[in-house]
Structure formats: structure tokens, C-alpha cells
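Colleague: Okay, here's the structure, questions in a sec.
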Amino acid sequence: MKHVTYEEWQKYVGDGLAEEVRQQYEEHLYSCDDCMEIYLAAIEAGGTSFPEFSDEARFTEDIMNEVEQYKERDDSRAGKKQRFYQNAAFHYSVAAAMTIVLMYTGIFQQLIGFAEEFERSSRPSFTNELMNKTTDLINNVENQTREEGNG
Ligand SMILES: [Zn+2]
């Protein structure tokens, strides 16, 4: 599509265009910075004749709706595979960010320290227990062997 002239943008601002033409111009506006500038100039020149400026909140809402619709159109063009990849990438970023936060706040170190502490304190007693059990077992076997030998 070729560029839209200033006069045409004035008609657009003054709502003097057919719906079909309006939509064409809007589509073009999304992808053309030059026409965006001309369009903005037309709005300024048109002043209060631009109806949606009378209600600023409503105007912002309309713009946001337009942007949302445009984004949705873009998504459907991108396809599902890419969207899944983008989602996965997003989740990875979140996980990475959380890991970094944990490391910076020292929670990671605390967890590692706790695990080491737990191992250090529990290992000797566990080893002692195991040694006691083994000694008992050896004693039992020795006793039984001795008894059997005697009997
Ligand atoms: Zn253009």
C-alpha cells in the first residue's frame, strides 16, 4: 500500500472515510512511521474535531483495545509452535531469575549449609550405630559358633 496523504488523514481524523478505507489506513498506520507522523499532525491540526479526544479515558481504552487486537492478529500469524517456545523461554527466564534472587539473598547458601550441617551431625552417630550393630552381629555369630562347637 502506498503512503496516505495528509488530506486523507484529515478525512480519517474527521471521520469522513468509508469503513473499508479506514481499516486500510489503520493497518498501514501500524507499520508506517512516516504516516504516523502525518496522522498525528492531522490530529493536531484538526484539534477538537477528533471526537475521541473529548473523553481521555475512553480514548486510552480504545487505543489499548486496538493494540490488543493487533497483538492477537500477530500471534495467529506467528503460529502455535513459536508461541510455545516463547512460553517455555519465559518460564526458563522466571526460573533463572528466581535462582539468581535466591543466590543473592543467601537462601541457597543457607540451604546448602543446613544440608552439610545435617550430614556432619548425623553421620558419626549413624556410623556408630552401624558399628555397634555390626559388632553385636559379629558377637552373636561368634557366640553361636562357640555354642555349636561346644555342643
Ligand atoms: Zn505510509
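The values are calculated or read from the model by the stated rules, or taken from the named source; none is laboratory data. No experiment lies behind these values; they were computed from the predicted model shown. Counting neighbours? That spans all protein chains shown, and the Cβs are built from the backbone with ideal geometry, glycine included. Calculation scope for accessible area: heavy atoms of the full protein, side chains included, ligands and nucleic acids excluded. Shrake-Rupley method; radii C 1.70, N 1.55, O 1.52, S 1.80 Å.
Colleague: Scan the stretch 10-23 and tell me whether some residue there is within 36 Å of the chain's Cα centre (by Cα) and either closer than 16 Å to GLU66 by Cβ or among the aliphatic types (A, V, I, L, M) (or both).
Modeller: Within the stretch 10-23, the first condition is being within 36 Å of the chain's Cα centre (by Cα), and the residues that meet it are 22-23.
Those left that are additionally either closer than 16 Å to GLU66 by Cβ or among the aliphatic types (A, V, I, L, M) (or both): 22-23.
Within the stretch 10-23 (the criterion being within 36 Å of the chain's Cα centre (by Cα) and either closer than 16 Å to GLU66 by Cβ or among the aliphatic types (A, V, I, L, M) (or both)), the answer is yes, since at least one residue qualifies.
Colleague: Tell me which of these LYS71 doesn't satisfy, since it passes every other one: (1) charged (D, E, K, R); (2) at pLDDT below 90; (3) within 16 Å of the ligand (Cβ to nearest atom).
Modeller: Failed condition: (3).
Residue-by-condition table, conditions (1) within 15 Å of the ligand (Cβ to nearest atom); (2) open to solvent by 30 Å² or more (accessible area, probe 1.4 Å); (3) at pLDDT 90 or above; (4) of a type in the set (S, T, N, Q):
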{"residue": "ASP15", "(1), (2), (3), (4)": "no, yes, no, no"}
{"residue": "ALA18", "(1), (2), (3), (4)": "no, yes, yes, no"}
{"residue": "VAL21", "(1), (2), (3), (4)": "yes, yes, yes, no"}
{"residue": "TYR30", "(1), (2), (3), (4)": "yes, yes, no, no"}
{"residue": "ASP34", "(1), (2), (3), (4)": "yes, yes, yes, no"}
{"residue": "ALA42", "(1), (2), (3), (4)": "yes, no, no, no"}
{"residue": "ALA45", "(1), (2), (3), (4)": "no, yes, no, no"}
{"residue": "THR48", "(1), (2), (3), (4)": "no, yes, no, yes"}
